[in-house]
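Peer 1: Structure incoming, see below.
The values are calculated or read from the model by the stated rules, or taken from the named source; none is laboratory data. Note that the structure is a prediction, hence the values are computed from the model and not measured. Cβ coordinates were reconstructed from backbone atoms using ideal geometry, including for glycine residues, and neighbour counts include every protein chain displayed. Accessible surface is based on the protein model in full, side chains and every heavy atom, while ligands, DNA and RNA are left aside. Shrake-Rupley method; radii C 1.70, N 1.55, O 1.52, S 1.80 Å.
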Amino acid sequence: MSTQTLAFFCAIICCSWKEKAFAVSSPNIIIMLMDDMGWGDLGVFGQPSKETPNLDAMAAEGMLLPDFYTANPLCSPSRAALLTGRLPVRNGFYTTNAHARNAYTPQEIVGGISKDEILLPQMLKRKGYVSKIVGKWHLGHRPQHLPLENGFDEWFGAPNCHFGPYNSSIRPNIPVYNNSEMVGRYYEEFQIDRKTGESNLTQIYLQEGLDFILRQTQAQKPFFLYWAPDATHAPVYASKRFLGKSQRGRYGDAVMELDYSIGQILSHLRTLGIENNTFVFLTSDNGAALTSGPNESGSNGPFLCGKETTYEGGMREPAIAWWPGHIKEGTVNFQLANVMDLFTTSLALAGVSPPDDRTLDGLDLTQVLLNHSQTLESRPIFYYRGNELMAVRLGQYKAHYWTWSNSWDELKQGINFCPGQEVPGLTTHDQKEHTLQPLIFHLGRDPGEKFPISVLTKEYRDVLRRISPVVELHKKTLLPGIPQLNMCDVAVMNWAPAGCKKLGKCLKVPKSAPWKCDWPH
């Protein structure tokens, strides 16, 4: 096909929307990031409880990516990686307080996303995109770290997890923001009933997303919607309409409501006639939190362990790409992909050149998504826990250089990241180094990481010969960012956020007393 003919057909596609739709040079972008939702929570991945008809339909209408990963097995670092296209060890979302520790942004954290980082909405502004985040931010709650200071034009949601309720004289409840000012707090104006699990937050987040899409469509502006609800993060919640409706307790109820909400968003795009000009991608920030218990956590399918760990259950994520008329429906692609790829891919779709003054870990997946069966070069997946490279996947093989689930002390307290899944020598409760002789698994034959390949075999030697140079090059060229998650201080908690005076919700700020944060796992 000639270049002229190809351009002609592209022009036809771009101009053939319904009358009420408008023509723009770049597609709208919606990234839906679930919270602690596991790979095995979707019907399309084998979940038998039938909670995700809309997600399953989305997969049937788009592309399923079974080999999609997060950049870290914990919430804050994985979200920082998505929005910067860089590993947490590069963008500063890690700690050096102890070896291989997961760190995040509780409300006593002093740090947050560094001003040296460039976030996706900042880049998209170059093409006139209007950006909104709905839901959980989790990249720092101090004023300089909030979304509107980092490229977003609008925000409705909270800076931290919805833990609580708290005694406001000791620890404030988390604020909920509308743009740059708080409009209430969790467990106060925005209720979550810890006894019943009832909360209307997902419905509020749904409406915020629908309203934003409508406004930008009417304004004929390309938009980026980062929809990040947190109902599947403990304490799990759902609205009254969905409570008690699933076969998996409260967690399943939350999944059903999120599935319903995603169906509403996709239906809204069709009603507005912009589905052919809107790229939608759904994934999760990390694996299901198995330690939260059966009513508060999901399923990681056949994979080992869950959130907080660098086994497959902690970092392999559900992933669906949807773009009618562009992504061939009903396709499955086994490309090794990562949440950081969404940064680079979104820029490519928008026609924005990525920043050239820094190392990016995300790859442009447009050839994979739009050319259906094509895959990119064999790229590694790096499994980090804090400041340590724990494992590497290349092709079907995964090599563990360090193993650790969680400590013996935590295990004695009933905290177990791998309940019922202990694998001797792998799910260790002491940090074990295997650098000289890594544990290697073939994930195609053994997705549950139960049977390491014998070091005496030719297969082991051949794989090690392929993976070792990849690891050596990565470590040699890695320039870690300044760690942002080392210091804590009670004075920086959400005592008096912007807007609290209007509401009469300001609390007394205690004296500053900084300390090195303790990250137990």
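Peer 1: With SER292, SER284 as the choices, which residue is of a type in the set (Ser, Thr, Tyr), within 30 Å of LYS412 (Cα to Cα) and either over 20 Å from the mean Cα position of the chain (by Cα) or open to solvent by 10 Å² or more (accessible area, probe 1.4 Å) (or both)? Steps first, please.
Peer 2: Values: SER284 fails: either over 20 Å from the mean Cα position of the chain (by Cα) or open to solvent by 10 Å² or more (accessible area, probe 1.4 Å) (or both).
Of the residues listed, the single one that is of a type in the set (Ser, Thr, Tyr), within 30 Å of LYS412 (Cα to Cα) and either over 20 Å from the mean Cα position of the chain (by Cα) or open to solvent by 10 Å² or more (accessible area, probe 1.4 Å) (or both) is SER292.
Peer 1: Kindly check whether there is at least one residue in the range 394-408 that is more than 30 Å from TYR186 (Cβ to Cβ) and touching a Cys at 6+ places or on another chain (Cβ under 6 Å).
Peer 2: Scanning the range 394-408 turns up at least one residue that is more than 30 Å from TYR186 (Cβ to Cβ) and touching a Cys at 6+ places or on another chain (Cβ under 6 Å).
Peer 1: Considering only residues that are closer than 24 Å to PRO73 by Cα and either at pLDDT below 95 or assigned to a loop (DSSP other than H, G, I, E, B) (or both), which ones fall in the range 311-331?
Peer 2: As a first pass, look at the range 311-331 and keep what is closer than 24 Å to PRO73 by Cα: 311-321.
Answer for the range 311-331, where residues must be closer than 24 Å to PRO73 by Cα and either at pLDDT below 95 or assigned to a loop (DSSP other than H, G, I, E, B) (or both): TYR311, PRO318, ALA319.
Peer 1: Here's a follow-up. If PHE279 passes every condition in (1) under 21 Å from the mean Cα position of the chain (by Cα); (2) of a type outside the set (S, T, N, Q); (3) closer than 30 Å to ALA219 by Cα; (4) open to solvent by 10 Å² or more (accessible area, probe 1.4 Å) but one, which one does it miss?
Peer 2: Status for PHE279: all satisfied but (4).
Peer 1: Moving on to the next point. Take the range 44-60 and flag every residue that is more than 20 Å from the chain's Cα centre (by Cα) and buried (at least 19 other Cβ atoms within 10 Å of the Cβ). Quick ask: steps written out before the conclusion?
Peer 2: Initially, the range 44-60 is screened for residues more than 20 Å from the chain's Cα centre (by Cα), giving 46-51, 53, 57, 60.
Passing the criteria: GLN47, GLU51.
Peer 1: Among the residues of the range 288-306, write down those that are over 16 Å from VAL255 (Cβ atoms) and in contact with a Phe, Trp or Tyr (Cβ under 8 Å, 6 or more places away or on another chain). Quick ask: steps written out before the conclusion?
Peer 2: Here is the first cut: in the range 288-306, the ones over 16 Å from VAL255 (Cβ atoms) are 291, 302-305.
Result: THR291, PHE303, LEU304, CYS305.
Peer 1: Can you work out which of the residues in the range 268-290 that are assigned to a helix (DSSP H, G or I) and out of contact with any helix residue (DSSP H, G or I) (no Cβ under 9 Å at 6 or more places or on another chain) is farthest from GLY313 (Cα to Cα)?
Peer 2: Keep residues of the range 268-290 that are assigned to a helix (DSSP H, G or I), which gives 268-272, 275-277, 290.
Subset that is out of contact with any helix residue (DSSP H, G or I) (no Cβ under 9 Å at 6 or more places or on another chain): 270-271.
On the way: ARG270: 34, THR271: 37 Å.
Per the criteria, the residue is THR271.
Peer 1: May I pose another question? Which one is farthest from ILE170 (Cα to Cα) among residues in the range 500-514 that are out of contact with any helix residue (DSSP H, G or I) (no Cβ under 9 Å at 6 or more places or on another chain) and open to solvent by less than 60 Å² (accessible area, probe 1.4 Å)? Walk me through how you get there before you give the answer.
Peer 2: So in the range 500-514, the residues out of contact with any helix residue (DSSP H, G or I) (no Cβ under 9 Å at 6 or more places or on another chain) come out as 500-505, 508.
Now restrict to residues that are open to solvent by less than 60 Å² (accessible area, probe 1.4 Å): 500, 505.
Values: CYS500: 18, LYS505: 15 Å.
If we take residues in the range 500-514 being out of contact with any helix residue (DSSP H, G or I) (no Cβ under 9 Å at 6 or more places or on another chain) and open to solvent by less than 60 Å² (accessible area, probe 1.4 Å), then CYS500 is farthest from ILE170 (Cα to Cα).
Peer 1: For the range 370-413, give me each residue that is among the hydrophobic types (A, V, I, L, M, F, W, C), under 17 Å from HIS99 (Cα atoms) and in a helix (DSSP H, G or I).
Peer 2: TRP408, the sole residue that qualifies.
Peer 1: May I pose another question? Among the residues of the range 223-234, are any more than 21 Å from ILE265 (Cβ to Cβ), touching a residue at least 60 places away in the same chain (Cβ under 8 Å) and open to solvent by 10 Å² or more (accessible area, probe 1.4 Å)? Give the steps one after another, and end with the answer.
Peer 2: Start the filter on the range 223-234 by keeping residues that are more than 21 Å from ILE265 (Cβ to Cβ), which leaves 234.
Subsequent filtering for residues that are touching a residue at least 60 places away in the same chain (Cβ under 8 Å) retains 234.
Still in the running and open to solvent by 10 Å² or more (accessible area, probe 1.4 Å): 234.
Looking for residues that are more than 21 Å from ILE265 (Cβ to Cβ), touching a residue at least 60 places away in the same chain (Cβ under 8 Å) and open to solvent by 10 Å² or more (accessible area, probe 1.4 Å), one finds at least one in the range 223-234, hence yes.
Peer 1: A further question follows. Say we look at the range 164-189 and pick out the residues that are part of a loop (DSSP other than H, G, I, E, B) and small (Gly, Ala, Ser); which of these is nearest to LYS125 (Cα to Cα)? Break it down into steps so the answer makes sense when it comes.
Peer 2: First, pick out the residues of the range 164-189 that are part of a loop (DSSP other than H, G, I, E, B): 164-174, 179-180, 187-189.
From what is left, the residues that are small (Gly, Ala, Ser) are 164, 168-169, 180.
Details: GLY164: 36, SER168: 39, SER169: 41, SER180: 19 Å.
It comes out as SER180.
Peer 1: Which number in (1) on the phi > 0 side of the Ramachandran plot; (2) not in a loop (DSSP other than H, G, I, E, B) marks the one condition that GLU308 misses?
Peer 2: GLU308 satisfies all of (1) on the phi > 0 side of the Ramachandran plot; (2) not in a loop (DSSP other than H, G, I, E, B) except (2).
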